Amino acid sequence: RATMKSLRFLSAEAFVSNAEFARRSLNAVAHNLFPLLFKASYLLEQGKVIHDLVENWPLVDFNVGKLLGPTVDYQEDLSHRTCSVCLESCLTGLRDYVLNHSSPYMKRLKVVDLTGIKDVEVQFCECKKTMGRWARTQLLSKLCVELLVYLQQAQCSPGTFEISIDVLIDLFVTERNYELVVHALLKKCYCPLKICCVAFRSDNLTLQKFFYIIKLTDPSLLRKLEIVHNVRLEMEHLEILFNSIHFPLLMSLTLPARTFNVQRFTATDEQMLTNIGEKMGEMMQLTELCMSFSILTGRIQKLLSPLKTPLKMLDVSNCSLNHVDMAYLANSFHAYHLESLDLSGHDIPELYPSTFFKLLSHSSSVLRSLTLEDCNIQDTHVNMLILGLSPCQKLHEFKFIGNPLSSQALKHLFTFLCELPMLKNVEFPVPRDCYPLGITYPIDDANLCRFDHQKYESVAEELNLILVQANREDVRATTPLFGSYDAAVQETNNELGAYLIKSFKETLEKFTTSFNEL
């Protein structure tokens, strides 16, 4: 559906569509029109105009999320367009803002905010080339280093060295861009463009490198910390991290798989877990916690009870929670504030049905996202599930792939889902009757794609028809067989794959050596 444009915006589009004319005429443009021209240029992917707008930016701040978000002149939100042409033009324009001697405007820019850019699966830009979070980290670091080298070699005006611009960014560091980012962070105090890390994600890094770079980011500014794939952080390392570094503003924490494993706990480990819980309790802003694929049986209360602030997001998927854990969650003060909950990988109907529905009831007034993948939800449980979901009137997203549900049960469930007024995204499983008889759940990767594709397409059409007949075309229903889209993994999958092969090879070599010794 086309979004209405004001006459001002249509005029801005006409102005920037002739790139050469627009660039020559910028000197005569009023300062308050720069944001309007920037959004129009971004929509039309006029890279050269974007570059010149940023190079001559006359305002105190440059917030990409706000500039591209809904405005009075054009309601369409463009912040999810990570167009490579546009973003590269923004960043090179920022570098040239520092170097520009002939700009007619006094240099007023103090803050650049790149954190509002959203990485999504489907891109609408014409060039079809995206610049993800990793690539943005790489380019900004490269430009900062190059800028320093240039300033050292060239004869610059004294005013150039007085420029100081905070560039707020969500950094994404892997082995491949580690050295460059470290170089840029080490020289930060000398560079006019000062990288300010608001969120930090690391994949494929040794612990030594992770600990080194996290200290360079200035943890006192950090609001989000994601330690995800192939960072071998275990509980003792987490305790060292929290003891050695203070995170006063941290709101969101994601820990890698197997950070905790209570199956091999000693008395020392129990004390360590208590210390970690207390340290998290000191993080007064912490409202989002992801600890998936750890073994936390019976220890959820020890970790979460010290928290002073209620959690809004909790991911404890595949954490082997028992009835005691679920009872704590259902009765804790967190339950009434949870906007996002992931309990995937737990046999909810078998282990703790009533406690789960109590948790759902307590969070129903605020819950926006619920993920129940591989939870052994069967046809006989659908009516109870509908009863539990009925009060969740603010639910935007419901993901339940990997559950053994028939086509008939899915149709029944979809008829109900149409009644949830704010629902926008549903991820549903391949119906059980599309798989061969005798298939066992959870289905392993080898058998995941061995279903009747023609029958599945037919059922998917029927489910979409239910949505259409209920006037709910606004709901997107999909079956991502191998999990939801992850922009970070998508961008670095080659490096991730190479790292996994290397790890497998090292493990094989160790096994061979041990076998030969025997």
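Ignoring ligands, DNA and RNA, what percent of the 1.4 Å accessible area of the chain is carbon and sulfur? Carbon with sulfur: 55 percent of the solvent-accessible area.
Placing +1 on the Cβ of every Lys and Arg and -1 on the Cβ of every Asp and Glu, with nothing else charged, gives the chain a dipole about its Cα centre of roughly 1380 debye.
Once the Cα-Cα distance is subtracted from the 0.36 nm per residue extended length, the Ser305 to Ser11 segment shows a gain of 100.2 nm.
Just to confirm my numbers, what's the Cα centroid distance between the range 386-433 and the range 212-262 in Å? The two parts, judged by their Cα centres, are 35 Å apart. Scoring 152-165, 350-363, 25-38 by mean Cβ neighbours within 10 Å over their residues and listing the highest first yields 350-363, 25-38, 152-165. Close Lys pairs in the range 7-131 (alpha-carbon distance under 15 Å; sequence gap of 8 or more, or different chains): 4.
Subtracting the Cα-Cα distance of His237 and Asn493 from 0.36 nm times their residue separation leaves 89.6 nm of extension gain. When +1 charges are put on Lys and Arg Cβ atoms and -1 charges on Asp and Glu Cβ atoms, the dipole computed for the range 7-131 relative to its Cα centre reaches about 320 debye.
Per residue, the chain reaches -12500 deg cm²/dmol at 222 nm when only DSSP H runs of four or more residues are counted, each adding -39500 (n - 2.57).
Spread over its residues, the convex hull of the C-alpha atoms of the range 7-131 is 98 Å³ per residue. In summary, the range 304-422 shows an alpha-carbon radius of gyration equal to 1.01 times the 2.2 N^0.38 Å reference for compact globular proteins. Here the extension length gained between Tyr336 and Lys48 equals 98.7 nm, from 0.36 nm per residue of separation less the Cα-Cα distance. Averaged over its residues, the chain has an accessible area of 48 Å² per residue, based on protein heavy atoms and a 1.4 Å probe.
Normalised by 2.2 N^0.38 Å, where N counts its residues, the alpha-carbon radius of gyration of the chain equals 1.09. Once both labels are positioned 7 Å from their Cα atoms along Cα-to-Cβ, the gap between Cys156 and Leu207 label points is 4.0 nm. Mean sequence separation of contacting Cα pairs (under 8 Å, at least six apart), scaled by the length of the chain, corresponds to a relative contact order of 7 percent. When each of the peptides 393-405, 215-227 is scored by how many other beta carbons lie within 10 Å of its residues on average, the order from highest to lowest is 393-405, 215-227. Projected label points at Val111 and Thr3, each 7 Å from Cα along the beta carbon direction, are separated by 2.3 nanometres. Based on Cα contacts under 8 Å between residues 6+ apart, the range 7-131 shows a relative contact order of 30 percent. Out of every Cα-Cα pair that the range 217-287 contains, those further apart than 16 angstrom amount to 50 percent.
Between His346 and Asn318, the built amide H atoms are under 5 Å apart, and every one of these is 5 or more places off in sequence or on another chain. Here the calculated FRET efficiency for Lys129 and Asp347, from their Cβ-Cβ distance with R0 = 45 Å, stands at 0.55, rounded to the nearest 0.05.
Take 428-441, 117-130 and order them by the average number of nearby Cβ atoms within 10 Å per residue, most first; the result is 428-441, 117-130. Out of Leu53, Thr266, Leu410, whose Cα points farthest toward the positive end of the dipole of the chain (charges: +1 Lys, Arg; -1 Asp, Glu; placed on Cβ)? My answer, from the dipole projection, is Leu53.
A cut-off of 5 Å between modelled amide H atoms, ignoring neighbours fewer than 5 places along the same chain, links Leu168 with Val112, Asp113, Leu114, Cys196. Summarising the label geometry, the points placed 7 Å from Cα in the beta-carbon direction at His80 and Val468 lie 2.2 nm from one another.
The values are calculated or read from the model by the stated rules, or taken from the named source; none is laboratory data. Keep in mind it's a predicted model, so treat the numbers as computed, not measured. Virtual Cβ from ideal backbone geometry, glycine too; neighbours counted across all protein chains shown. Ligands, DNA and RNA are excluded from the accessible area calculation, which covers all protein heavy atoms including side chains. Shrake-Rupley method; radii C 1.70, N 1.55, O 1.52, S 1.80 Å.
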